[in-house]
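These notes are about the structure you will find just below.
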Amino acid sequence: MLASFIEDGHFSRHTRRMRMVYIERQQILLEAAQDRLEGLLDVQPAEAGFHLVGWLPLGMKDTSVSDAIQQAGIECPPLSRYTLRHRSRSGLMLGYAGYDKNELLSATTALATQMRSLNSRIVGTEL
């Protein structure tokens, strides 16, 4: 059955359609991040994958930020969880593949609110 699915071209059509869906979702996340997360996270496009990295301002620890926003129900794993070597700048993983436009916009707004709240609580301290 799988061989027929592939041979009949259904898999290729599905792959092309999903590639366009993921490109669109990434663009929605990028635009929302630029609009809502400016100064909080630096989010750049990626050519592949289902996640983007939100780079934190220098001096902020991604594990601490991730734990703090997790308390608000927002899951953005720390980039350091996926690296073997220490990076000079830390970041958060931002997934977009499994979410529609409204979910991405809502999540970006909620993340911005939590990041602003977090920043106001840590003024003068290193997080």
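Return yes when residue 106 is without any contact (Cβ under 8 Å) to a residue 40 or more places away in the chain and not hydrophobic (A, V, I, L, M, F, W, C) and no when it is not.
In short, yes.
Mind listing whichever residues of region 103-122 are within 15 Å of residue 27 (Cβ to Cβ) and among the polar types (S, T, N, Q)?
108
Quick note: the coordinates plus some simple rules give every number you see, no bench work behind them. Bear in mind that the values here come from a model prediction, so they are computed numbers and not experimental data. Backbone-built Cβ (ideal geometry, glycine too); neighbour counts: all protein chains shown.
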